[in-house]
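Just below is one structure, and these are the notes that go with it.
The values are calculated or read from the model by the stated rules, or taken from the named source; none is laboratory data. As the structure is a prediction and not an experimental result, all values here were calculated from the model. Virtual Cβ from ideal backbone geometry, glycine too; neighbours counted across all protein chains shown.
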Amino acid sequence: MSKDCSDTSQATGFHHVAYACRDIHENHRFYEDLIGLELVKTEVTPYGDGFFRHTFYDTGDGSCLAFFDLHGVGEEDKDRTDISTGLGMPLWVNHIALRRNEDQTAVITERLQEAGHGTYTLEHGWCRSTYVTDPNGISLEFCVDTPGFEPDRQRALELLDAIPESTVKVI
Ligand SMILES: [Fe+2]
């Protein structure tokens, strides 16, 4: 590990991550009304011959999930916001995961299902995850630590070139 990067004691995780959205209003209704993230900032910026809007939703601890609403700034297709399937990968590969507890996940899941959004839940052993696909074609996960994982840097390093020991198929 680089010496300059080794001290993360003052770090506080993500400031924000940003993705393009297809429809800013549909996206807003989904993330604020159903997921419960509050819109805390919007920027409107001219760019070349076009402009973009940039929205920031507080994920709960001040870090934000941000979106771009693009208008003629170089995008080939405004609707190609699906960051996995759009790149030829399964839906679940590139995704967003929010840490939530069981009660919060239950409330969100009920709201999503009442609004017609399909969800599914997987047990991962150390966490329980509920997934939904957002209006942009991005997989969104609600991750409940059960109880979470103990960091194990040495083992993690050893496994960087590992292949599975069993042939259990994940479908
Ligand atoms: Fe995940």
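Would you check which residues across region 7-40 are surrounded by 12 or more Cβ atoms within 10 Å (Cβ to Cβ) and farther than 26 Å from residue 107 by Cα and list them? Correct list: 20 only. Listed conditions (1) touching a Phe, Trp or Tyr at 6+ places or on another chain (Cβ under 7 Å); (2) at positive phi are all met by residue 134, apart from (2).
Taking the options 45, 12, 8, 85, name whichever one is hydroxyl-bearing (Ser, Thr, Tyr) and within 27 Å of residue 119 (Cα to Cα). Step by step, each of 45, 12, 8, 85 is checked, and only 85 is hydroxyl-bearing (Ser, Thr, Tyr) and within 27 Å of residue 119 (Cα to Cα). When you check residue 132 against the structure, is it at pLDDT 95 or above, within 27 Å of residue 41 (Cα to Cα), of a type in the set (Val, Ile, Thr) and within 18 Å of the chain's Cα centre (by Cα), yes or no? Considered against the rule, which asks whether it is at pLDDT 95 or above, within 27 Å of residue 41 (Cα to Cα), of a type in the set (Val, Ile, Thr) and within 18 Å of the chain's Cα centre (by Cα), residue 132 comes out as yes. Within this structure, residue 77 fails the test of being in contact (Cβ under 8 Å) with a residue 40 or more places away in the chain, farther than 15 Å from residue 31 by Cα and away from the ligand (no atom under 16 Å from the Cβ). Against the list (1) in contact (Cβ under 8 Å) with a residue 40 or more places away in the chain; (2) in contact with a helix residue (DSSP H, G or I) (Cβ under 8 Å, 6 or more places away or on another chain), the condition residue 39 fails is (1). For beta carbons closer than 7 Å, sequence separation of 6+ or different chains, a first residue in region 94-106 that is touching a residue at least 12 places away in the same chain (Cβ under 8 Å) and a second that is among the aromatic types (Phe, Trp, Tyr) and within 14 Å of the ligand (Cβ to nearest atom), the qualifying pairs are 98/142; 100/142; 105/142.
Taken over region 95-105, residues that are touching a strand residue (DSSP E or B) at 6+ places or on another chain (Cβ under 8 Å) and not in a strand (DSSP E or B) amount to 5. If I filter region 81-90 down to residues being touching a residue at least 40 places away in the same chain (Cβ under 8 Å) and either more than 13 Å from the chain's Cα centre (by Cα) or closer than 25 Å to residue 60 by Cα (or both), which single residue comes out as surrounded by the most Cβ atoms within 10 Å (Cβ to Cβ)? My answer is 81.
Output the residue which, of all residues in region 113-156 that are within 12 Å of the ligand (Cβ to nearest atom) and polar (S, T, N, Q), is farthest from residue 27 (Cα to Cα). Only one residue tops the list, namely 129.
Would you please list the contacts, defined by Cβ atoms under 7 Å and residues six or more apart or on different chains, that run from a residue in region 128-139 that is over 25 Å from residue 78 (Cβ atoms) to a residue that is of a type in the set (Ser, Thr, Tyr)? Sorted first by the residue in region 128-139, then by its partner, the pairs are 128/121; 128/146; 129/121; 130/105; 130/109; 130/119; 130/121. Can you pull out every residue in region 41-57 that is part of a strand (DSSP E or B) and surrounded by fewer than 12 Cβ atoms within 10 Å (Cβ to Cβ)? Correct list: 43, 44, 45, 46.
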